[in-house]
1. Condition first: part of a helix (DSSP H, G or I) and either modelled with pLDDT of 85 or more or not aliphatic (A, V, I, L, M) (or both). Now tell me which residues in the stretch 22-45 satisfy that.
2. Identify, by number, the condition in (1) modelled with pLDDT of 80 or more; (2) surrounded by 10 or more Cβ atoms within 10 Å (Cβ to Cβ); (3) part of a helix (DSSP H, G or I) that Ala92 doesn't meet.
3. Can you list residue pairs whose Cβ atoms sit under 7 Å apart, with the first residue in the stretch 80-103 being in contact (Cβ under 8 Å) with a residue 24 or more places away in the chain and the second being exposed (fewer than 12 other Cβ atoms within 10 Å of the Cβ) and not hydroxyl-bearing (Ser, Thr, Tyr)? Count only pairs 6 or more apart in sequence or on different chains.
4. Counting only residues that are surrounded by 10 or more Cβ atoms within 10 Å (Cβ to Cβ) and polar (S, T, N, Q), which one in the stretch 1-46 is nearest to the chain's Cα centre (by Cα)?
5. Within the stretch 57-80, identify whether any single residue is within 15 Å of the chain's Cα centre (by Cα), among the small types (Gly, Ala, Ser) and in a loop (DSSP other than H, G, I, E, B), and answer yes or no.
6. Of all residues in the stretch 20-65, count the ones that are farther than 28 Å from Arg8 by Cβ and among the basic types (Lys, Arg).
Amino acid sequence: MLGIDPARQREMMDESPDLLIRLRTETEPIIYKSDWFEMQVAMRLKEIWSIAEVTAEEHGQTVRWVDWHLVVGCHPTESREKAFKDIRVGGAGILTEYFDHLGNEVSKRPRRSNRRCRQAALQA
């Protein structure tokens, strides 16, 4: 499907879980370089998860790690600059489509900050 040799895909899949576990448990930024990807000062999921727990508790809810899934967007382009410009213009639409697909209604009206980002990107 991705044009990657299945044996190579298995190697790549074996490499990923260890890094996800590190992202969840370690408190220091993680830098990692592989022959197929690179993480530069990766965010710590443990800190982000604690925000989810506190917010849920404030609203009388609980969150469980086993009920959540990690979703990471990928936007390959010819350059970093083009990727940022594309996302500034269409990033809100990508998220809206994703959450709509999951059955969660999302406002179609962009927030003021999104409009300003799109206008700035189009003028750049």
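The values are calculated or read from the model by the stated rules, or taken from the named source; none is laboratory data. Small disclaimer: the values here were computed from a predicted structure and weren't measured. Here the Cβ positions follow ideal geometry from the backbone for every residue, glycine too, while neighbour counts run over all protein chains shown.
1. Once the filter is applied, which keeps residues that are part of a helix (DSSP H, G or I) and either modelled with pLDDT of 85 or more or not aliphatic (A, V, I, L, M) (or both), the stretch 22-45 yields Arg22, Arg24, Thr25.
2. Unmet condition: (1).
3. Qualifying pairs under 7 Å: Lys85/Ala124; Val89/Leu122.
4. Step by step, filter the stretch 1-46, then rank; the result is Ser16.
5. Checked against the condition, which is being within 15 Å of the chain's Cα centre (by Cα), among the small types (Gly, Ala, Ser) and in a loop (DSSP other than H, G, I, E, B), the stretch 57-80 yields at least one hit.
6. 3
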